[in-house]
Structure formats: C-alpha cells, structure tokens
Amino acid sequence: MKQIFVVGTSHHTAPLDCRERVSFSEHQFTDAYRFLREMRQIGEAVILSTCNRVEIYAATNNKDGCASLFDFLSDFHQIDPRQLGQFTYSYQNFDSVRHLFNVVTSLDSMVVGETQILGQVKAAYDQSLCAGASGDILKRLFTKAIRVGKRVRTETNIGAGAVSISFVAVQLAKRIFQSLEDKTVVIIGAGEMSELTAQHLVENGVSKVIVANRTYEHAVKIAEKFSGTPLTYDADLNFLVDADIVITSTNASHHLIHRQALVEIMRKRKHRYMFLIDIAVPRDIDPEVAGVENAFLYNIDDLEAVVASNLKERGQEAEIAAQIVETEAVKFHSELQASDINAIVKALHQKFQQITSRELDICLDKAELSPKQEKIVESMIHSITKKLLHQPTTHLRQVALDSDSLEMANDINDDYVPYVSALQELFALEPADDTDV
Amino acid sequence: MDIIFLLTLLIYLAASIFHVFFLTTGDRKVHRFAYWATIGGFALHSIFLVLRWLRQGEFPMAYWYDSASFFAWAIILTYLCIAHLTRLRTVGSFVVPAAFIANLIAYTLPKGNAAISPALQNYWLITHSTFIFLAYAAFVAAFGIGLMYLIEEKRIRDKKHTPLYNLLPALGRSDRICQKCIVVGVILMTIGIVIGILWTRNIQEVKWTWVDPKVIFTVATWLIYVFQLSIRQIFGWRGRKTAYSAIIGFGAVLFTYAGVNLFLPSIHAF
C-alpha cells in the first residue's frame, strides 16, 4: 500500500546558499526523474523547485520513503548527508498532505498570499506527468492541492491587498485611472524604489515613460531600461503637463513641486487626473499639493501605511485559509484511506474467488452433476467465501473508522495500515486498482 | 392589482437591502441575488404597468401615484442598462434604493381611475412623459454614480483602505459613466421638452405659456446640466465638479418633479 512522503528545504529551514545547492535547474529535471525511477524504493514522485523551496513528494510502498528521498537528494546533488540533514524537513501521510496544501495556498510562503506558488506547483506537477513520474496517488494529491489553492484564492482575500510599496502604487493608480494603458509616467530623480515602481506600472500597461534628471546622462541611463524618453530636469516643470503619474525620488533638500505650480499645470492639462508618488526623504512635493483638485498625492509613509494594513488583513485571511487547508487535508486523507481499504478488500475478494472458482471447476469436472446441483454447489462455495471474508473486512473498516474519528481531534492515526500490510503479506496481494469494490 | 404592486414593492425592498449589504460585504453571491431580484421586481413592475394601462384603457399618467411608480420603473430600467452596458453593478447599491423609495411613495398616494382630459390623452402624453421620466432616471443614476465618485475620492485622499476597497469603480471610470448618464439624460430631456412644446401647439384647450412654473423649473434643470456639459467641454472640469453638478442637478430634478406643485399652481398635474 502506497504512502505519501515529502522531503524538502525552504526559506523556513535553510538560508539561500543552502537552498541553491539542492535546487533543480530546468535541464536537471529529466535526469532527476530518471534517477528517481531507477531508485526502486520510490514509486511516484513530483519535484517542486522554486527560489524559496525545494521539495520532493513521493508515493511509495516503501515504509522508509523519507530516507529514500533524503538519499536521493544527497546523492543527486552530492551533498554530505549530515550537512543536508541540518536544513531539511520531512513529513509523511497526513502531514505531507497538509504540508502540500499549506504550500499551494501560499500559507507556507515567505509572503503569505503571494500568487506565484499555485502556478509553480501546477508546473511541477505537469513536469512530473510528462516525465511519467506521477501515478495514481500523486495525481489525486496534486489535482486536489491545485483545487484547494484555487478555493482559497476565491473564498478568501488572502492575496487582495498589495504588500509592497511598488504594488500599492500600482493598485492606487488603478483606483484612480481604472486602466493604465495610454498613461504617461514621469520619474524625477533616480533610485531603486522609483525604478521598481515604474517597472510595475509599465508591466500593468503604462505606455510612456519620461525620465527627468538634473544630469542628462543619468536620465538617459534610466530611460533606457523602460525605452523611455530622457529629459533634463527643468524647474518650470512644463514636462508635467502630459504626466498622469509622477514619481519623485531626488536628493533635493527643498520641495520641487509647489501647490501654485501644480494648479497651473492642472489647468493646462484640463484637470485630467494626476497621481503623485513622493518617495523621497526629505520630500520632493509640497504636502499642500494634496488639496489640488484631481491631483492625488501619496508619500512614502502613506504607502507604507497601506502595506502595513494590507499585511494585517492578509494575516486575518490566512487564518480562514488555514481552516480550509485543515478540512481539505482531513477530507483528502480519509478518502485516500477509504480507497486503500477498498483496494485491499477488492484484492482479497478477487484472490478468494480465483481459488474457489478454480477448485470449483476441477470438482465439477469430476462429479457429474445435474445443472441444478451444479448451481447449488456453486452458490454454496460463494456463500462460504463471503462468510469467511465478512469478519476480517468489517473489522478492517471498523479500524479505519476509528482512526477517522480520531481525526476530528486533529490527531491523525493510521492504525489500519499494519492490518493492510499484514493482509498484503499473508495473502500475497497486489492491490487492484483502488476505486469502488 | 394591488397585490402585484405590493409584491413589486417588497422585491425592490429586498433588492435594495441586498445591494446595500453587498457594499459592506463584497460577497459576489449577495450581489448576484440582489441583481436577479431587481430583474424579477422589474419584470413584475412592467406587468403591473401594462395591466393598469389595459384596465384603464389609457396610458396611466393621471395621478402622482402613476407617475411615481413609472419613475421607479424608469430608474430600474436605467440601472439594468448601465449594469448591462458597463458592468458597473455597484451602482445598484445607490440607485435601487432610490427606485424603492419612489415606489414606496407611489404606494402611499391615492390611486384613482379618473381619466385625464381626453384632449390630453394621446401619444403626445405617452412620449412626452416617457422621455421626461427616462431623463430623470438617467439623472438619478448620475447622482448615484456621483456619490460613488465622491466616496471613493474621499477614501483615496484620506488614505483609507477599508473593505469597500475593490467595489467602488476607479475615479476615472465613475467620472466617465456619470458624464455619459448626464449626456443621455440631457438628450432625453431635450426630446421630452420639444415634444411638450409641439403638443401644446396642437391643442386648443391648453394655452401654451412660458410662465408655467413647471416649465420654468424644467428649463432651469435642463440649463444646469447643459451648463455643466459646456464647462466640461471647454475647461475640462471633471471629477468632483461633475459629481457635484450631478448632485445639484438631482436636487433640481426633485424640485421640478415634486416641489413645484406643492408651492405653485401649474397646468401639469405633476
């Protein structure tokens, strides 16, 4: 009977340089999956490798699945097992299911609520499918995980508010303009934050970037990154007439944009909306500007306050998400249990039927019975098989049920597992395909 | 008949409550329910109007009761059009309650079956009043969207980020839609007024006069909106100023529709 294992390392347990050593690059996957297939102890496998985590999920009959996965990691990347052991973690069965659900819903991510991980899990699963490394169990597990990931996205606001300054700026711009297409952004000054913000604005549709700097060469250098237009900064600010979004981040010790100047600019641009983002300290834009009609001013503190409140909001949503994960994990695990048991029961019945029908054929050949008598013998044999198997089957289901009830207390136990293994061993059973009996 | 009307009223009440509830929770299911309730109420309301028309044998426009009910119907129609054309459904939270109130007022008013003077009872009446009420409804929608604009603008200025976050449309969008409502309203109202003028030319009993208070205030209301449109065209005034004019214009509409008759005698029953 297959159990689920996961061995991995993530930003929780390992610094970047350790994660780098165990990560799988694009061209390593084929080798890695071949390597895994050749290891007899591992049946099915999915390798999830992102910048924040490297995890291998496996479903195998081997009871020491975790050890095998660990060996694989250390062998494949040629890392000293002792060293590797310091920054990996491992889970099995219910815990591994719950772990995957936590990962896919971004509850385990560095930034809770980030949206990339769902796609990354999906990609990892597809890769494993292509490599032929996913079997029935992992197919079910990952299909379910992706569904849980989507459910958390739709039922909670876990990813709603932006949690970085530049994304908050983009969201605010969208609250003002709706669409950023055909909008113009002007960057005054230079700096990582202003460039990052401009970058995100461009990714969200802003079509024109103008970079104004006191030194023309600097302007040219920054403008190149966005294929924008460089300008020499000019104190009369005429270049703002066409600006829908203005980002300032200069080292100037005084305000560059004053209220009166902006009022004049707004008149010239027929009062079309302008969003001003001042990320300079000390500020580049006179706070009085906030009162100008159709001009909206946010400074670095305002943006950070939004980030803080969004983070708080995400924390609350994460609690709801955690509940969803818990219920879904319990549900999935009991379904898996049920199908394990169904599979073994089915195999047991088949085995008995095989034996009895073979013996029956021999017996019927020898004894010359009338059709009616044959019928009677046949039904007697079936009835004996049924009655013999009734007790063990019910008992097995009962054990599984008992462990089900323990799940309610979040204490998953797999009491039925030894029974299933024993049956398999005693009767030399190969579990048939698991669904319905 | 009364049962149908009461039922319509109750459905509008439920739709209003769910629309407002939607604003506070942001639950799309709530909105879907509110939206379909509105559609259901509108269908029932339409049936009611048709039945009343058939029963009276003439366009029901003789009483305040009829006009208020028709006003409510026009508001809902406008909302459904906006929701359909712009997918801006939050507007329901502001506009459907207005329709409910109009219908509630209608419900409390006496509803006789007396006919309008036969001289007035013709297609002129139907088209004149229909255009005027559709224009009013467009102005109600502009008013609702103007409110949405002002709330969202205040939230952005105050740097508040409460759960309404994603529900209200971007400023640029509500400004544009509000403006469109006003343009449509002005066009409908112009047609309605022109029909009204032609109508009086065609009948002898009523003497056309510019000094009828209803006429004066209607033209004044019309001028408010036309003024706003011209200023916007020339100076690019938008945003808060558009929202304010939608609100002032709405005040004028209310006074023209209901206020004038309370204070001044007029040839218009309403």
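Values in this text are rule-based calculations from the coordinates and carry no lab data. As the structure is a prediction and not an experimental result, all values here were calculated from the model. Positions of Cβ are generated from backbone atoms using ideal geometry, with glycine treated the same way; all protein chains shown enter the neighbour counts.
Observations on the structure shown:
- Cβ-based exposure ranking for A:V417, A:V325, A:V6, in which fewest neighbours within 10 Å come first: A:V417, A:V6, A:V325
- Surrounding net charge for A:V281, when Lys and Arg each add one and Asp and Glu each subtract one, Cβ distance under 12 Å: -3
- Highest to lowest packing among A:280-289, A:188-197, scored as the average C-beta count within 10 Å: A:188-197, A:280-289
- Distances between placed amide hydrogens fall under 5 Å for A:I187 paired with A:I210, A:V211, A:A212, A:I247, all partners being 5 or more residues away or on another chain.
- The stretch A:173-284, relative contact order in percent, only Cα pairs under 8 angstrom and at least six apart counted: 28
- Taking every alpha-carbon pair under 8 Å whose residues sit at least 6 apart, the stretch A:87-197 reaches a relative contact order of 22 percent.
- Chain A: angle of helix A:65-77 to the longest principal axis, Cα-based, in degrees nearest 10: 50
- Highest mean packing first, where packing is the average number of other Cβ atoms within 10 Å per residue, the peptides A:252-261, A:130-139 line up as A:130-139, A:252-261.
- At R0 = 30 Å, FRET efficiency that the Cβ-Cβ distance of A:T356 and A:D64 yields, to 0.05: 0.25
- Size of electric dipole in chain A: Cβ of Lys, Arg +1 and of Asp, Glu -1, about Cα centre, debye, nearest 20: 740
- Whole-Hz Karplus values for the stretch A:375-390 come out as 4, 4, 4, 4, 5, 5, 4, 4, 5, 5, 4, 4, 5, 5, 7, 4 Hz, taken residue by residue from phi with 6.51 cos²θ - 1.76 cosθ + 1.60 and θ = phi - 60°; glycine and proline positions read x.
- The value of relative contact order for chain B, using C-alpha pairs under 8 Å at least six residues apart, is 19 percent.
- Neighbour net charge for B:S93 - beta-carbon separation under 14 angstrom, K R +1, D E -1: +1
- Net +/- balance of residues flanking A:Q41 in space, Cβ distance below 9 Å, scoring K and R +1, D and E -1: -1
- Neighbour counting of Cβ atoms within 10 Å sorts the residues A:I300, A:I210, A:I279, fewest neighbours leading, into A:I300, A:I210, A:I279.
- Global form of the stretch A:176-314, assessed from the alpha-carbon gyration tensor, a/c cut-off 1.5: rounded
- The mean number of Cβ atoms from other chains found within 10 Å of a Cβ in peptide B:169-175 is 5, as a whole number.
- Of A:K63, A:K183, the sequence from fewest to most neighbouring Cβ atoms within 10 angstrom is A:K63, A:K183.
- The modelled label-to-label distance for the pair A:D365/A:E335, using points 7 Å beyond Cα in the direction of Cβ, is 4.6 nm.
- Listed peptides A:30-43, A:384-397 appear in the order A:30-43, A:384-397 once ranked by packing, highest mean of other Cβ atoms within 10 Å at the front.
- Rg and Dmax [Cα atoms of the protein assembly as shown; Å; Rg one decimal, Dmax integer]: 36.5, 120
- Degrees between helix B:240-254 axis and first principal axis of chain B (Cα, 0 to 90, nearest 10): 30
- Within 10 Å of the Cβ of each residue in B:235-246, the mean number of Cβ atoms contributed by other protein chains is 3.
- Computed about the Cα centre, the dipole magnitude for the stretch A:2-111 is approximately 240 debye when only Lys and Arg (+1) and Asp and Glu (-1) carry charge, each at its Cβ.
- Peptide A:194-206 has a mean of 0 when you count, residue by residue, the C-beta atoms of other protein chains within 10 Å of its C-beta.
- Table column - 3J(HN,Hα) (Hz), the stretch A:191-202, Karplus curve with 6.51, -1.76, 1.60, x for Gly and Pro: x, 4, 5, 5, 5, 4, 4, 4, 4, 5, 5, 5
- Over 20 Å between alpha carbons, listed pairs A:K174/B:K154; A:K174/A:K312; A:K268/B:K154: A:K174/A:K312; A:K268/B:K154
- Three principal axis extents describe the C-alpha atoms of the stretch A:25-160; from largest down they are 42, 32, 30 Å.
- A simple charge model with +1 on the Cβ of Lys and Arg, -1 on the Cβ of Asp and Glu and nothing else charged puts the dipole of chain B at about 1000 debye relative to its Cα centre.
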